[in-house]
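Have a look at the structure below before the remarks.
The values are calculated or read from the model by the stated rules, or taken from the named source; none is laboratory data. This structure is a prediction, so every number in the text was calculated from the model and none was measured. Cβ: placed from backbone, ideal geometry, glycine included. Neighbour counts: every protein chain shown. Just the protein is used for accessible areas: all its heavy atoms, side chains included, with ligands, DNA and RNA removed. Shrake-Rupley method; radii C 1.70, N 1.55, O 1.52, S 1.80 Å.
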Amino acid sequence: MRKLVLALVLFVATSAFAQQQFRGSVKFVCGKADDESIKAFAFSPGSYFTTINVTNQNTATVLGQKRFSIALLSQKVGKFTNLIPWSLKPNESMQIDCGDIYTHLAVPPGTFIDGFVHIVGAPVRFDVTAVYTVSDGERPVSIDVDAITLR
């Protein structure tokens, strides 16, 4: 009986190591900053846009899940989605943008929201890059590109 239990424990541990998951949380800010956020000194006036690119530069398909969550002012918890499956074959890429975030969170487009996209994938590491743009309504005033570290 002890040998059977030990063999089962070793099998489960080996399977867990073989299916390592890579994960990262990506910040997003979408929409025109509202008066409440500006008065709280949380955001500057302007329109905010986020685009997140996920790419698979491997020879194996990456299978994953993502979840969207909103962060509210004054340390309040906002709404979040269930896990949403995704997959990328070798050399494929996908874009997650404000339109996708609004749709999955059932928030009217243009509403000012701030939060995270939580991304998990396996069995191989994949790349995630976020592009943040702020406009004063007439022209872009800031653009930033960040490579996201997966752990």
Mind counting the residues in segment 64-78 that are surrounded by fewer than 15 Cβ atoms within 10 Å (Cβ to Cβ) and either over 24 Å from Gly110 (Cβ atoms) or of a type in the set (Asp, Glu) (or both)?
1
Looking only at segment 1-36, filter to residues that are of a type in the set (Lys, Arg) and modelled with pLDDT of 95 or more; which one of those is most open to solvent (accessible area, probe 1.4 Å)?
Lys32
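Which one is farthest from Gly99 (Cα to Cα) among residues in segment 29-65 that are in a loop (DSSP other than H, G, I, E, B) and among the β-branched types (Val, Ile, Thr)? Explain how you work it out, then say what you get.
First pass over segment 29-65, keeping only residues in a loop (DSSP other than H, G, I, E, B): 33-34, 40-46, 56-61.
Subset that is among the β-branched types (Val, Ile, Thr): 59, 61.
Details: Thr59: 30, Thr61: 26 Å.
So, considering only residues that are in a loop (DSSP other than H, G, I, E, B) and among the β-branched types (Val, Ile, Thr), the one farthest from Gly99 (Cα to Cα) is Thr59.
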Can you give me the number of residues within segment 107-151 that are outside any strand (DSSP E or B) and open to solvent by less than 80 Å² (accessible area, probe 1.4 Å)?
9
Kindly evaluate Gly99 against the criterion of being free of Cβ contacts under 8 Å to residues at least 60 places away in the same chain and open to solvent by less than 80 Å² (accessible area, probe 1.4 Å).
yes
For segment 37-61, which residues satisfy the criterion of being at positive phi and either open to solvent by less than 30 Å² (accessible area, probe 1.4 Å) or touching a residue at least 60 places away in the same chain (Cβ under 8 Å) (or both)?
Gly46
